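K.L.:
There's a structure below that I have some questions on.
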Protein chains: 2
Amino acid sequence: MAKPTQIQLSHGGGGREMAELIGKLFFDAFDNPILRKEEDAAALNLNGATAFTTDSFTVAPLFFQGGNIGKLAIAGTVNDLAMMGAEPQYLSCGFIIEEGFELEQLKTIVNSMAAELQKSGAKIVCGDTKVVPKGCADGLFINTTGVGRIVKPGISVSAIQPGDAVILSRDIGRHGAAILTAREGLELDSELTSDCATLWPVVERLIAANLDIHAMRDATRGGIAAVLNEWSKAANVGIDIEEKNIPVCDEVRGVCELYGFEPWDLANEGTFVIALPQQAAEAAVEIMLRFCGCQDATIIGTVSDAHAGKVVLQSPWGSKRYLELPQGELLPRIC
Amino acid sequence: MAKPTQIQLSHGGGGREMAELIGKLFFDAFDNPILRKEEDAAALNLNGATAFTTDSFTVAPLFFQGGNIGKLAIAGTVNDLAMMGAEPQYLSCGFIIEEGFELEQLKTIVNSMAAELQKSGAKIVCGDTKVVPKGCADGLFINTTGVGRIVKPGISVSAIQPGDAVILSRDIGRHGAAILTAREGLELDSELTSDCATLWPVVERLIAANLDIHAMRDATRGGIAAVLNEWSKAANVGIDIEEKNIPVCDEVRGVCELYGFEPWDLANEGTFVIALPQQAAEAAVEIMLRFCGCQDATIIGTVSDAHAGKVVLQSPWGSKRYLELPQGELLPRIC
């Protein structure tokens, strides 16, 4: 009998077909001695402060300009660890696959995951595969959960202080805009790519430079508007942002005009915000500029003790307004 | 405007509605100081050998006799840690919810999770919520990933040796049969309940008794047939099982006859198998008998150096046959 070219229910049944799928596809791509042990759980050696984070990925479409769900699932979880000052070490990976999914597509996605893992050195050490009948899921969902050694303890929303500078690592809104154009079939007319990327290399360098980083956060769902609002509320501070300092590329600006979005509400997947003392801000930006994807890193604002819990956006014409937490549907299935 | 009674896309959007759902429902149920910090990742203190495991749950129907997807998602991941001799400490939790899912149902499921966590003392310290449009998922999928301190190192398939006794903790096939009857609408005629349960209490006691446990595995998808076959192959040993020693309740036997299943192929969710030296076997069984759910614990076979890589089942009439790894579709979405 010819080998199936599509995922079948038996690939998730716990029997021979699942053992083959795991052995041939996943173990080959993610190969490492811990994974190969095939125990109920991976045995790790972790010492001291450890960061732990989880993300499920349901992005539609699965492939977009600048990445796919696999690259996203690795970068997303690795970045959450990095934002805590943690070296991404070990990841788990759970696949929920719809019956009939093309095996070749799954291979492409799994290979993207393996390639993205190399950018941080993290390893997938345990996994899980479920197959659901046709119509019970939309192609493929991936959960990745990660642990990593906290290299710089104390990076936390609660460390943000009035007087801190707020740095943005690059132009915003690319991921959300790229998904939107892919969904509308407009990607062929556009140069727009997602910012989807692993941030550990630049974060590792920033930590090594001993810059007294107070807080870091990657601006995913809800964009930088969500991050800045969470920060202002959690740390009970005001945040003042200069709109003219926020880089936005022409393609994202075009998408925003077309669909009525604000770029600060759009999701990013390789863009982060830092709060740190004003006197360290220039040094931080200087380091960031050397890294791929951070060529537009810049100071966008400051933390103050006025209007606590609120983010104020100053327009290029001098007028001020509150930057609110995004509300409503925005774009579903962005990550 | 009245509060919605169903999950909406905006509950997964990263904005205000998501913040409310997380704050009110999840934080209240899973309340603990680490979770409340709301960082990108939870900061844990882990020292030394740590077990790490993941599972996605896609069970249909979401509610069945003896449990629901929430109870299952906690017990399943906690059990994978316990099977490695690890104390379940911290869990992550990722929800993928279909738009339109009833909030009351979600509450019931989340409360079951909180109740099941108490049986091991594990805590949910980080999470993720995604909402997909109607038709893109079947109600609710949950991923749980866990870490825990390895209390007894060296429990591993590779430690299994010829001469070991094989102990089964209880009667088999209940979870698979309970899901099947729920799916066919037969549950009202049946006393059958799933074995779904947290195994840490009995495992903790077994470890404390210093019994030189070689391997443990909970017999989930693929049933005890899958566990025993994996063991015989991975440890390159033969395993001889006495069919008459395997407890099977009347209801499971009835379901097997009706649908043509073998009870050893059916999934369990609170049933485990131990391999340990023959001379420790009686002491282990004696301990197990005292625990709820283990009243039928018994020795079902032995490990040998004959027929390496194969499991041999001896029938009550003396005939022998290979117990094979389950193959084909079995029951999809059992867990």
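K.L.:
To one decimal in nm, how far is B:P133 from the same spot in the other copies, if labels go 7 Å from Cα toward Cβ? Please give the shortest first.
P.N.:
Listed shortest first, these distances are 2.4 nm.
K.L.:
Which loop trypsin sites (Lys or Arg not before Pro) in the range B:84-138, with loop taken from DSSP, have no more than 15 other Cβ atoms within 10 angstrom of their Cβ? Can you show the working numbers first?
P.N.:
Values: sites: B:K107, B:K119, B:K123, B:K130, B:K134; in loops: B:K119, B:K134.
Within the range B:84-138, the qualifying trypsin sites (Lys or Arg not before Pro) (loop, at most 15 other Cβ atoms within 10 Å) are B:K134.
K.L.:
In debye to the nearest 20, how big a dipole does the range A:185-276 give about its Cα centre with +1 on each Lys and Arg Cβ and -1 on each Asp and Glu Cβ? Numbers along the way, then the final one.
P.N.:
Working: 6 positive and 17 negative charges, 93 e Å.
Dipole size: approximately 440 debye.
K.L.:
Out of the GluC sites (Glu not before Pro) in the range A:97-177, which ones are loop residues according to DSSP with at most 10 other C-beta atoms within 10 Å? Working shown, then result.
P.N.:
Numbers: sites: A:E98, A:E99, A:E102, A:E104, A:E116; in loops: A:E99.
Those that pass, being in a loop and sparsely packed, number zero.
K.L.:
Let me ask something else about it. Rounded to the nearest 5, what % of DSSP beta bridges with both residues in the range A:34-151 are antiparallel?
P.N.:
Working: 21 of 30 bridges.
Of all bridge pairs located within the range A:34-151, approximately 70 percent are antiparallel.
K.L.:
OK, next. Calculate, axis by axis, the spread of Cα positions in chain A along the three principal axes, and write the results as whole Å, longest axis first.
P.N.:
For chain A, the Cα spread along each principal axis is 71, 49, 32 Å.
K.L.:
Restricting to Cα pairs below 8 Å that are 6+ residues apart, what does the relative contact order work out to for chain A? Please round to a whole percent. Mind showing how you got there, number by number?
P.N.:
On the way: 751 pairs, mean separation 75.5, N = 335.
Reported as a whole number, the value is 23 percent.
K.L.:
OK, next. Need one value for B:124-135: mean number of C-beta atoms belonging to other chains within 10 Å of its residues' C-beta atoms.
P.N.:
On the way: counts 1, 3, 7, 4, 12, 2, 12, 4, 8, 6, 0, 3.
Counting other chains' Cβ atoms within 10 Å and averaging over B:124-135 gives 5.
K.L.:
How far apart are the B:G309 label points across copies, placing each 7 Å from Cα toward Cβ, in nm, shortest first?
P.N.:
Its label point is 6.8 nm from the equivalent points in the other copies.
K.L.:
What is the log10 of I(q)/I(0) for the range B:157-322, computed with the Debye formula using one identical point scatterer on each Cα and no solvent, at q = 0.09, 0.11, 0.15, 0.19 Å⁻¹?
P.N.:
Ignoring solvent entirely, the Cα scatterers give -0.29, -0.43, -0.79, -1.21.
K.L.:
Then there's this: Residue separation times 0.36 nm, minus the C-alpha to C-alpha distance between A:Q327 and A:Q161: what's the value? Can you show the working numbers first?
P.N.:
Numbers: separation 166, 0.36 × 166 = 59.76 nm, distance 2.67 nm.
The A:Q327-A:Q161 span can extend by a further 57.1 nm.
K.L.:
Kindly provide the helix-only [θ] at 222 nm of the protein assembly as shown, computed as the sum of -39,500 (n - 2.57) over DSSP H runs of four or more divided by all residues, to the nearest 500 deg cm²/dmol? Could you put the intermediate results ahead of the total?
P.N.:
Values: 20 runs with 192 residues, N = 670.
The helix contribution divided over the protein assembly as shown gives -8500 deg cm²/dmol.
K.L.:
Provide an ascending nm list, one decimal, of label-point separations from A:A115 to the equivalent residue in each further copy; define each label point as 7 Å from Cα along Cα→Cβ.
P.N.:
Once sorted, the set of distances for A:A115 reads 4.9 nm.
K.L.:
Just counting partner chain Cβ atoms within 10 Å, what average do the residues of peptide B:76-88 show around their Cβ?
P.N.:
Working: counts 1, 2, 0, 2, 5, 2, 2, 3, 5, 2, 3, 0, 1.
Partner-chain Cβ atoms within 10 Å, mean over residues of B:76-88: 2.
K.L.:
Now for a different question. Compute the convex hull volume of the Cα atoms of the protein assembly as shown, divide it by the residue count, and report the result per residue in Å³ as a whole number. Kindly include the intermediate steps, with their values, before the conclusion.
P.N.:
Details: hull volume 98.5 nm³, N = 670.
Dividing the Cα hull volume of the protein assembly as shown by its residue count gives 147 Å³.
All of the numbers you see were taken from the coordinates with simple rules; none came from a lab. Quantities reported herein were computed from a predicted structural model and do not represent experimental measurements. All Cβ positions, glycine included, derive from the backbone under ideal geometry; neighbour counts span all protein chains shown.
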